[in-house]
Amino acid sequence: MKPLSLYIHVPFCASKCAYCDFASWPNRDGAWRRYFEALWRELERWRERLRGHEAATVFFGGGTPTLVDTPYIAETLERARAVVPFAQNVEITLEGNPGTLTPEKLAAYRKVGVNRLSLGAQSFDDGLLKSLGRIHTAAQVGEAVAMAREAGFKNLNLDLMYGLPGQAMDQWQRTLDAAAALGVEHISAYSLIVEDGTPMAARVASGEAVIPDDDAVNAMQRAAVDRLARAGYGRYEISNYARPGRECRHNLVYWLRGDYLGLGCAAHSLFEGRRFHSPVGLEDYLAGGGAEEVQELTEADAREETVMLATRTARGLDLADWQARFGVPFERGREAALARLEAGGLVERRDGFLQLTLRGLELHNAVVLELLGDE
Ligand code: SF4
């Protein structure tokens with residue numbers, strides 16, 4: 001059986017956060033049924049192509065998958081299992097907003113096999129949460145974690161954000177400590193990206209909101225590395241930290257370029273050497289469903305993606321695997337670039353892997369460009 005990861009996009013939210021440009025819409029409760037019926041039809045269309053595959057991971061992302069009625073999640077899992085068998089140790093993650101959880105919902109998720117919850121906490125500062133347009137308070141994050149434990153969840157993630165307008169270092173440190181104190185297994189810490197067209201971008205453009213400069217953002221990233229390491233979380237990807245053995249297996253598939261199939265609007269896939277995605281707009285997806293913008297990956301594309309993605313991970317780029325896949329040593333033609341990057345303390349070669357240092361990860365894009373050279 002070939003391993004496959006399934007991503008299922010649930011594009012509904014209670015309201016729109018100020019920084020968000022994801023494919024997600026508030027006030028569309030009336031579209032839930034039509035949406036899931038379209039998604040189930042899309043799933044069915046894959047039945048033949050998925051023969052010989054086994055789902056190693058399933059990830060409900062969004063949007064806010066915990067907003068919709070639980071039978072939609074249950075039926076999607078049931079239908080997915082009927083199309084592609086799930087591995088015995090399948091990791092099934094559901095993303096959720098702490099303001100949308102109840103004990104009844106959590107019990108229902110457990111019952112249908114969800115074994116990992118990823119909660120969008122973002123901050124433990126109520127003022128910052130409000131300015132981001134989040135619908136929950138810091139206290140509700142703690143309550144959600146307690147409820148999830150009560151329901152039997154043993155694998156929890158909290159998403160956090162730094163580099164926020166008005167965020168001081170001590171606020172960020174308190175958020176990191178509060179997240180770790182809840183004892184979750186995994187923490188993702190993302191730097192705010194101000195996306196065009198969002199209310200946040202308008203506030204920044206008008207001067208109403210001022211984002212911290214690059215030095216301050218790098219200092220916050222370093223604070224995450226240090227504080228979370230002291231609390232027992234290893235950094236295994238630029239933005240991701242886990243207790244030993246609790247790395248997100250689904251996200252590792254993205255970084256290591258395994259096969260994954262995205263279902264639902266705006267969902268991306270990498271399947272059998274092709275990248276494609278579904279229509280981004282909700283109505284476009286409901287009208288037609290299927291994937292668009294197929295990109296057949298050349299070997300040069302595969303090399304470029306491997307450099308970009310594997311170097312995000314602490315494990316790094318597997319040099320023997322590179323030689324086996326592409327037929328040439330990674331170092332060939334890159335000797336000068338590698339020497340410069342090593343001398344600058346940005347990369348290291350260790351135990352057959354090329355790894356970026358702490359500083360190298362801060363300058364990830366520049367390091368990748370140097371490594372790709374004339375690719
Ligand atoms: S809850 Fe998540 S997906 Fe929904 S609007 Fe906020 S950031 Fe976007």
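Coordinate-derived values only; no laboratory data. Because the structure is a prediction, the values reported are computed rather than measured. Glycine also receives a Cβ, built like all others from the backbone with ideal geometry; neighbour counts cover every protein chain displayed.
Against the empirical 2.2 N^0.38 Å (N residues), segment 313-373 has a Cα radius of gyration ratio of 1.04.
Report, ordered by chain and residue number, the aspartates and glutamates lying within cross-link reach of Lys2, taken as a straight Cα distance under 18 Å and ignoring same-chain residues fewer than 8 apart. Result set, ordered by chain and number: Glu48, Glu54, Glu91, Asp259, Glu272.
Above 20 Å, the calculated P(r) of segment 173-231 contains 41 percent of its Cα-Cα pairs.
Going from the fewest other Cβ atoms within 10 Å to the most, the residues Tyr162, Tyr241 appear in the order Tyr162, Tyr241.
The mean of 1/r over all pairs of different alpha-carbon atoms in segment 223-265, once inverted, gives a Kirkwood hydrodynamic radius of 11.8 Å. Under 5 Å from the amide H of Ala23 lies no amide H of any residue 5 or more positions distant or on a separate chain, with H modelled from the backbone and absent for Pro and chain starts. If you run the Gaussian network model on the chain, springs between alpha carbon atoms under 10 Å, then out of Gly234, Gly52, Gly120 the most flexible one is Gly52. Bridging of Lys154 to lysines at a Cα separation below 26 Å is possible for Lys105, Lys111, once same-chain residues fewer than 8 apart are set aside. Here's the list of lysines a cross-link from Lys130 could span, going by alpha-carbon distance under 18 Å and ignoring same-chain residues fewer than 8 apart: Lys16. Counting every other Cβ atom within 10 Å of each residue's Cβ, Met1, Met161 order from fewest to most as Met1, Met161. Residues in segment 32-44 carry Karplus couplings, in order, of 4, 5, 4, 5, 5, 5, 5, 5, 5, 5, 4, 4, 4 Hz; the curve used is 6.51 cos²θ - 1.76 cosθ + 1.60 with θ = phi - 60°, and Gly or Pro positions show x. Projected onto planes of every orientation and averaged, the convex hull of the alpha-carbon atoms in segment 164-303 covers 11.5 nm². Working from the Cα coordinates of segment 2-254, the gyration tensor eigenvalues give, after taking √(5λ), semi-axes of 31, 21, 17 Å in decreasing order.
For segment 2-254, the antiparallel share of DSSP beta bridges with both residues in that region comes to about 15%.
If you run the Gaussian network model on the chain, springs between alpha carbon atoms under 10 Å, then out of Val328, Val307, Val280 the most flexible one is Val328.
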